[in-house]
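Reading through the structure tokens given below for one structure.
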Amino acid sequence: MILETLCVGIFGVNCYILSARSNSRAIIIDPGAEEKKITRVLDKHNLKPAFIINTHAHIDHISCDDKFGVPVYIHRLDVALLKDPQLNLSNFFSSSYALKTEIKILEDKDVIELEQIQLEVIHTPGHTPGGICLLMKKPSDNILFTGDTLFCQGVGRTDFPGANEEELIKSIKNKLFKLNDDTIIYPGHGNSSCIGEEKRNNPFVMGI
């Protein structure tokens, strides 16, 4: 399996490229900026994008969604953000972005597949109404892409339109912290960690 992490854009978003093997098709998670940087990694492994998954629809995670000519998967409750520059925060940066590409709707517990890769959708509202995490089921079963729900030693902001701190904490406590402690988290920003480490040491959620 190929799993490449790229830190892109001025906000340091982690964009992930997933593929079962070289010379095949790839999933792009959160292509937030720097199309050429993402393309170089695809070319390195001779990969063609199959589709994009957005963990949520803030501008720092979506601004290259239209660049690859493939469908964009997102939770139903964040579709409005993809189409509204005010809600996706692009208006704050004078970019006024609204997605034009085909949108594929996700719901909680959906399974997304590409060749030998399976990702289960976990709806984790709080940072945005339709925020999701992606739990890999195959070929590994201990990898979780957490978007801006859970970081290493942090959690997503809840001071944006549509955010809710109580919902975010519930999402982490009732869904993510039910996973095995050795589950590796790949967040939307910053370093990777694991569920057990965040249970013990994340100051925002310790003891919940």
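Bear in mind that the values in this text are calculations on the coordinates, not laboratory data. Remember, it's a predicted structure, so these values are computed and weren't measured experimentally. Glycine gets a Cβ as well: all are built from the backbone with ideal geometry, and neighbour counts include every protein chain shown.
General observations
- The mean sequence distance of close C-alpha pairs (under 8 Å, at least 6 residues apart), as a share of the length of the chain, puts its relative contact order at 14 percent.
- Only beta bridges with both residues in the chain are counted; by DSSP, about 65 percent of them are antiparallel.
- Using alpha carbons only, the radius of gyration of the range 2-201 set against its Kirkwood radius gives Rg/Rh = 0.93.
- Computed helical MRE - 222 nm, the chain, DSSP H runs ≥ 4 contributing -39500 (n - 2.57), nearest 500: -4500 deg cm²/dmol
- Restraint check, LYS109/LYS173; LYS83/LYS137; LYS37/LYS100; LYS100/LYS137, Cα-Cα greater than 20 Å: LYS83/LYS137; LYS37/LYS100; LYS100/LYS137
- Exposure proxy order (Cβ contacts within 10 Å, fewest to most) of GLU34, GLU166, GLU107: GLU166, GLU107, GLU34
- Charge dipole (debye, nearest 20) of the chain; +1 at Cβ of Lys and Arg, -1 at Cβ of Asp and Glu: 380 debye
- Relative packing of peptides 135-143, 6-14 - highest average C-beta neighbours within 10 Å first: 6-14, 135-143
- Around THR158: net Lys/Arg minus Asp/Glu count, Cβ-Cβ under 15 Å: -2
- Under 19 Å from the Cα of LYS36 - aspartates and glutamates, other chains or at least 8 residues apart: GLU4, ASP60, ASP65, ASP66
- Set of the range 149-193 residues, backbone N closer than 20 Å to the point 7 Å along the Cα-Cβ line of ALA80: 157-168
- Local net charge near TYR16, Cβ-Cβ under 12 Å (Lys/Arg +1, Asp/Glu -1): -2
- Annotation: extensible slack from THR101 through ASN164 equals 19.9 nm (criterion: 0.36 nm per residue apart, minus Cα-Cα distance).
- What separates the Cα centres of the range 105-179 and the range 47-94 is a distance of 16 Å.
- Proximal lysines relative to LYS170, as straight alpha-carbon distance under 16 Å, when same-chain residues fewer than 8 apart are discounted: LYS178, LYS199
- Peptides ranked, highest mean first, by Cβ atoms within 10 Å: ranges 45-56, 183-194: 45-56, 183-194
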